[in-house]
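Below: one structure, written as structure tokens.
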Amino acid sequence: MTYITITDHNTISGVLEIAHLPEVFISCEYTVLFPEDNSKVHVLVYGISEKEHEDLLRLRENVYDFIRYLKEKNIAHSLAHPLYSVQGTKLRKELIEKFVLLFDNWEVINGTRSEKTIEVENYIVRLYTGWDKIYELANKYKIEPLRSRDFIGFTAGSDDHGGMDVGRSWTSVEKVHTKEEFLKGLLEGRTSVGSQKLGEERLLNMTCRVAYDFLVSKGKIPAEVKAVGDYLFMHSDNLLVGMALRNLLGVDGERHELLKEALKRLPSMTANRFLKNPTPQTFGELVLSLLAHGFPAFLKYIQKGEERKAIRIGELFGYFNNREIKVAYITDTYQHINGVARSAKLIRRFAVEEDLPFWIITSSSNVKEEERLINLKPTFEVSAPFYEELKMGIPNFLELLELLEKEGFTQVHIATQGPLGLMSLLAGKLLGLRITSAFHTDLPAYARIYTGDEKLEEWFWKAFVFLANMSDRFFVPSEYYRNLFVRKGLSYGKISLFERGVDTELFSPYKREEDFWSKKLPVRKYQKVIIYVGRVSKEKGLDTFLYCARCFPEEIFVVVGDGPYRKELEAKKPQNVFFVGYLKDEELAKAYASSDIFLFPSETETYGQVVLEAMASGLPVVVSSKGAAHEHVEEGLNGFIATKPQDFADKLHLLLSNEDLRISMSKQALYKAKNLDMRKSYMDYMHAIAGLGRIAYEAY
């Protein structure tokens, strides 16, 4: 810095302590009133004497007299943070236009504000360049303009109350050699402004430095951590402490970034301590570290709130917050074998093929790099409720927050309400992004089936309704669940329906191979193959599948899939039931097409994708009347809908004993599936998520 000044609020005591230095000039930030309504503004005044400071203190009650005095004395000044509400003053369009009439310089870069606020301030300034615009406002408000020139110059300041970010925002004047020449250039508007990165870390540095200094003054900082604290808060330049701190944090960043990096890594460090030594002390450390970890996010929320206020003010002047749509599709499951992961993969695939603004974000230690896929490294991994084999990653929350902001996402879509989904909901709220979410898995029903606790089921429903209300739009995969959510208290108008079609190129009757099952299992030619595809778990109703197998011992029953209930089922299954594990892609398509009937007794399906895959493969289906698996089934036309085990057996008997009926239903099932085009259904879904109609989207 060539020249230095300090602008304390309504006092010059601080700057007088260094005023004897040749590069320093005396300045102050004054709180000044509009006499007509007591609105308050902050005015930065540069290069004053102690006598002028006393005069200005007396004139603060009337902004017009205050500015006239500055003009008469040729004192450089600037309107501080124009779109920040000072002491509760309501920022109206009328007040902003009065700013235009009074101030030749605006502080458009403030170290504690955001980039978007700068953009809005620049927009307003450009609107009122030229004397004709100024005189038009003067006539409108019957106020004498106190401007000296027809354009508004810019200044910048750090607004640093702590001392860690001094000089990171600056005002420059070219070709000057003295303080007096610099101040003259500022007075004449010959300035340029600049800044290093703006963000919540400056507010963090300021707040924590002030708090640290206060605690030091009270003797509250333990001696064993003071050396680290002094280095972190720039009271010490101990290189050894700096090297040790950077090594501990695993970073090599700028010194003013170390505090945020330390808070970012605290939870994982204290969690490891707690896991190794679970005591009340280590648990307390973990809780405190989580609170500290959330503090930067809290400051980001405050900053984003001010940014949104600035944008609303800008909209009064015709400013349009034009940001390209960019959707973060959040899923806790991607590499697993389940319907939610399959949908996420298709969303990614169509985003790439159609160049749609969707990026998949997940967190896993076992995900391969793919285009439009962002994997946040998990700090920990936990098992999903009632789904032990599904490991869900818990990433660093601040890293997730930075990703969403840095990459310019305008929306988060929460496909799963797991750790990453819930963290993304919070992050989206903090950043003021559009939030949509979806219901893919009937966890409330799982809770009842696995625990027998109906109160727990109801608690899950309340949680889902709460999360749905936190979203701008909530998507369900079937009419059954739309009606169910309405009964649970969610507004009908908030719910949208999304349907997923089926890949009729992959799943087709033409994939049938007569010896497909006989190569794998002891199947005779005259035997029919009844197939189930899905997770092998308690909620899927596979006891009913075994019941039917016992009713038809001459036929073959095949379970395709795996899960926690497999071992128990294999222990009690009849001899004509076979478990073949997971099959994928072409092999799965052949398994469907090479079978004769699809039997699916699950009562908890939110959509029933496997039912459509079976129908596309030319299989008549027998499905449960509970849940949503039956929504594509027309009773007696392309399949049957059953309510209890004997009902399943009776419907299965009709198909096994009547070949003509089975062939007829097979054709109707295929016809139904072909009318549900997968690409079109996903395009419609993605358009709906992004809040765009097809015409608007094509224009985009």
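Beta carbons closer than 7 Å, at least 6 apart along the sequence or on distinct chains, pair a first residue in region 446-464 that is within 18 Å of residue 418 (Cβ to Cβ) and free of Cβ contacts under 8 Å to residues at least 60 places away in the same chain with a second that is aliphatic (A, V, I, L, M) and in a helix (DSSP H, G or I) for 456/447; 460/443; 460/447. For region 248-264, state whether one or more residues are without any contact (Cβ under 8 Å) to a residue 40 or more places away in the chain and either within 24 Å of the chain's Cα centre (by Cα) or over 30 Å from residue 227 (Cα atoms) (or both). The answer is yes; a qualifying residue exists. Scanning region 525-539 for residues that are over 17 Å from residue 590 (Cα atoms) and modelled with pLDDT of 90 or more returns 527, 536.
Is it fair to say residue 521 is without any contact (Cβ under 8 Å) to a residue 60 or more places away in the chain and either in a loop (DSSP other than H, G, I, E, B) or not β-branched (Val, Ile, Thr) (or both)? Spelling it out, residue 521 is indeed without any contact (Cβ under 8 Å) to a residue 60 or more places away in the chain and either in a loop (DSSP other than H, G, I, E, B) or not β-branched (Val, Ile, Thr) (or both).
Consider residue 608 against the criteria (1) surrounded by fewer than 24 Cβ atoms within 10 Å (Cβ to Cβ); (2) at pLDDT below 90: it satisfies all of them except one. Which criterion is unmet? Just one mismatch for residue 608, condition (1). Screening region 524-557 for residues that are assigned to a loop (DSSP other than H, G, I, E, B) and not charged (D, E, K, R) and picking the one that is farthest from residue 451 (Cα to Cα) gives 526. So is residue 635 of a type outside the set (A, V, I, L, M) and either surrounded by 16 or more Cβ atoms within 10 Å (Cβ to Cβ) or free of Cβ contacts under 8 Å to residues at least 12 places away in the same chain (or both) or not? Yes, satisfied. From the residues in region 44-88 that are under 27 Å from residue 305 (Cβ atoms) and out of contact with any strand residue (DSSP E or B) (no Cβ under 6 Å at 6 or more places or on another chain), which one is surrounded by the most Cβ atoms within 10 Å (Cβ to Cβ)? Here the residue is 83.
For region 488-518, which residues satisfy the criterion of being in contact (Cβ under 8 Å) with a residue 40 or more places away in the chain and either at positive phi or of a type in the set (D, E, K, R) (or both)?
499, 500, 503, 511, 512, 513, 514 - these are the residues of region 488-518 that are in contact (Cβ under 8 Å) with a residue 40 or more places away in the chain and either at positive phi or of a type in the set (D, E, K, R) (or both).
When we screen 91, 101 for residues that are crowded, with 16+ Cβ neighbours inside 10 Å, at pLDDT below 95, assigned by TED's automatic domain parsing to the domain that holds residue 159 and at negative phi, the only hit is 91. Taking region 167-194 as the range and being surrounded by 15 or more Cβ atoms within 10 Å (Cβ to Cβ), assigned to a loop (DSSP other than H, G, I, E, B) and touching a residue at least 60 places away in the same chain (Cβ under 8 Å) as the test, the residues that pass are 168, 189. Under the condition of being modelled with pLDDT under 90 and in a loop (DSSP other than H, G, I, E, B), which residue from region 356-379 is nearest to residue 326 (Cα to Cα)? Among those residues, the one meeting the criterion is 369. For region 1-15, the set of residues classified as surrounded by 12 or more Cβ atoms within 10 Å (Cβ to Cβ) and closer than 21 Å to residue 181 by Cα consists of 3, 4, 5, 6, 7, 15, listed by residue number. Of all the criteria given as (1) out of contact with any Lys or Arg (no Cβ under 8 Å at 6 or more places or on another chain); (2) β-branched (Val, Ile, Thr); (3) surrounded by 15 or more Cβ atoms within 10 Å (Cβ to Cβ), the one not satisfied by residue 225 is (3).
Among the residues of region 524-569, which ones are farther than 20 Å from residue 602 by Cβ, touching a residue at least 60 places away in the same chain (Cβ under 8 Å) and among the basic types (Lys, Arg)? Scanning region 524-569 gives a single hit, 528.
Taking region 385-437 as the search range and keeping residues that are aliphatic (A, V, I, L, M) and not in a helix (DSSP H, G or I), which one is farthest from the chain's Cα centre (by Cα)? Among those that are aliphatic (A, V, I, L, M) and not in a helix (DSSP H, G or I), it is 390.
The values are calculated or read from the model by the stated rules, or taken from the named source; none is laboratory data. Just so it is clear, the structure is predicted and the values come from calculations on it, not from any experiment. Reconstructed Cβ throughout: ideal geometry from the backbone, glycine too, with neighbour counts over all protein chains shown.
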